[in-house]
Amino acid sequence: MKAAVFHAARDIRIEDVPAPTRIGPRDVLARPSWCGICGTDLHEYAMGPIVTPARPHPLNGAVIPQILGHEFSAEVVEVGAEVTRVRVGDRVSAMPLLVDHDCYYCRRGLEHLCMKMACVGLSYAWGGLAELAVLPEGILTVLPDGVSDLQGAIIEPAAVAAYGVDAAHVKPGDSVLITGAGPIGALAALYAASLGARVFVSELNPARQALVRALGVAEVLDPGTTDVAAHLKDLLHGVGVDAAIECSGNERALQTALASVRSAGRVAQTGLHTRPAAIDAMLLAQRDLTLVGTWCYPVTDFPRIARLIASGRLPVENIVTAQIAMADIVERGFEPLLSPTGDQVKVLVSARG
């Protein structure tokens, strides 16, 4: 079967790999439909291996080469003897985090912080960028009829974005700044708007600015021409926004987020910084600010996100800027997404051609 396989930095190959020949009693054989290219995938392609294991993974022994893809929807084609939650023919979204259920954090309901966590498509035998994948029953969410296969592939990044917004304690009527309008920032804007917040997005890239404007849920600010913090304070009674979600992993953006929130406001750091970022820590004390980080999402959140999408309140499909074939994944996927002048935001790959 065909699969997109990571071997090393700048070395992703579309290969014929052996198809699964058997599944465990609580496993499911699934046929992936659509799969998103994530920022983590981009980091692996540009500088990896980082998350993909060069040595056997402590949870499951996985080691590169690695079939990629952890943001995906799929159709169930076979179920193990003890599977009860899904049936053949079900359309599903895969929550890709794999945990030991026994470490300090798992025993406290914080499975996304598992000390041995692995991930489908990054540190597991299978991934969503393949014609077939073997998946544990427990990570699957059956898609409601009102959720398309394409939308189902965006539940994973939507859960990341929602966790950031929720960590900032955003409420109806709040004002919210989102720094960075990549896929997570755009999804955070959609989610915050669905909660009834007034949303502002700070973004330098013209293509991403245009995407957010097209979403129709936020006021767009260009930090290259606007003093974002001063503008927001002028606009909002001299105090600034109630909360900020930093989605770019950029030092200046984090500084802007902290400067833009009102006293006793909250800033959620959801974007991943690849180098240390300096902040004025005195601001946290002087203005009673809360700065909180987020990692992944609660592993139980996929059904809630799926229901939000089905309701029409979270139109995640609107952030997709390209749909491509697996054969074109490097040329039309990874390379444009990594380009500083690229016009792509979210690229989805068909796992079926």
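Structure notes:
- Test: residue in region 20-31 that is free of Cβ contacts under 8 Å to residues at least 24 places away in the same chain and outside any strand (DSSP E or B): yes
Table: residues versus (1) under 26 Å from Ala158 (Cβ atoms); (2) acidic (Asp, Glu); (3) touching a residue at least 24 places away in the same chain (Cβ under 8 Å).
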{"site": "Asp41", "(1), (2), (3)": "yes, yes, yes"}
{"site": "Glu44", "(1), (2), (3)": "yes, yes, yes"}
{"site": "Ile50", "(1), (2), (3)": "yes, no, no"}
{"site": "Ala54", "(1), (2), (3)": "no, no, no"}
{"site": "Val63", "(1), (2), (3)": "no, no, no"}
{"site": "Gly80", "(1), (2), (3)": "no, no, yes"}
{"site": "Met95", "(1), (2), (3)": "yes, no, yes"}
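- Any hit, region 275-293, residues being within 26 Å of Glu75 (Cβ to Cβ) and open to solvent by less than 60 Å² (accessible area, probe 1.4 Å): no
- Qualifying residue in region 192-199 (condition: at pLDDT 95 or above, among the hydroxyl-bearing types (Ser, Thr, Tyr) and buried (at least 22 other Cβ atoms within 10 Å of the Cβ)): no
- Test: Ala327 is more than 19 Å from Pro183 (Cβ to Cβ) and part of a helix (DSSP H, G or I): yes
- Scanning region 295-353 for residues that are over 19 Å from the mean Cα position of the chain (by Cα), at pLDDT below 95 and within 20 Å of Ile155 (Cα to Cα) yields one hit, Arg352.
- Output for region 304-327, where each listed residue is open to solvent by 50 Å² or more (accessible area, probe 1.4 Å) and not small (Gly, Ala, Ser): Arg304, Arg307, Arg313, Glu317, Asn318, Thr321, Gln323
- Yes/no for Val217 being modelled with pLDDT of 95 or more and open to solvent by less than 30 Å² (accessible area, probe 1.4 Å): no
- Considering Arg87, Arg26, the condition of being closer than 22 Å to Val299 by Cα, touching a helix residue (DSSP H, G or I) at 6+ places or on another chain (Cβ under 7 Å) and open to solvent by 60 Å² or more (accessible area, probe 1.4 Å) is satisfied by Arg26 alone.
- Strands (runs of 3 or more DSSP E) contained entirely in region 198-272, each with at least 1 residues that are out of contact with any Cys (no Cβ under 7 Å at 6 or more places or on another chain) and in contact (Cβ under 8 Å) with a residue 60 or more places away in the chain: 241-246, 261-269
- Residue within region 44-59 that is at pLDDT 95 or above, outside any helix (DSSP H, G or I), open to solvent by less than 50 Å² (accessible area, probe 1.4 Å) and acidic (Asp, Glu) present: no
- Exclusive hit being open to solvent by less than 30 Å² (accessible area, probe 1.4 Å), out of contact with any Gly (no Cβ under 9 Å at 6 or more places or on another chain) and within 17 Å of Pro206 (Cβ to Cβ), set Gly342, Gly333: Gly342
- Conditions (1) in contact (Cβ under 8 Å) with a residue 24 or more places away in the chain; (2) aliphatic (A, V, I, L, M); (3) part of a loop (DSSP other than H, G, I, E, B): number failed by Val88: (1)
- Looking at Leu122, Leu135, Leu113, Leu97, just one residue is over 18 Å from Trp295 (Cα atoms) and either modelled with pLDDT of 95 or more or surrounded by fewer than 21 Cβ atoms within 10 Å (Cβ to Cβ) (or both), and that residue is Leu135.
The values are calculated or read from the model by the stated rules, or taken from the named source; none is laboratory data. Note that this is a predicted model, so its numbers are computed, not measured. Neighbour counts run over all protein chains shown; Cβ positions are idealised from the backbone, glycine included. Side chains are part of the model used for accessible areas, which takes the heavy atoms of the whole protein and leaves out ligands, DNA and RNA. Shrake-Rupley method; radii C 1.70, N 1.55, O 1.52, S 1.80 Å.
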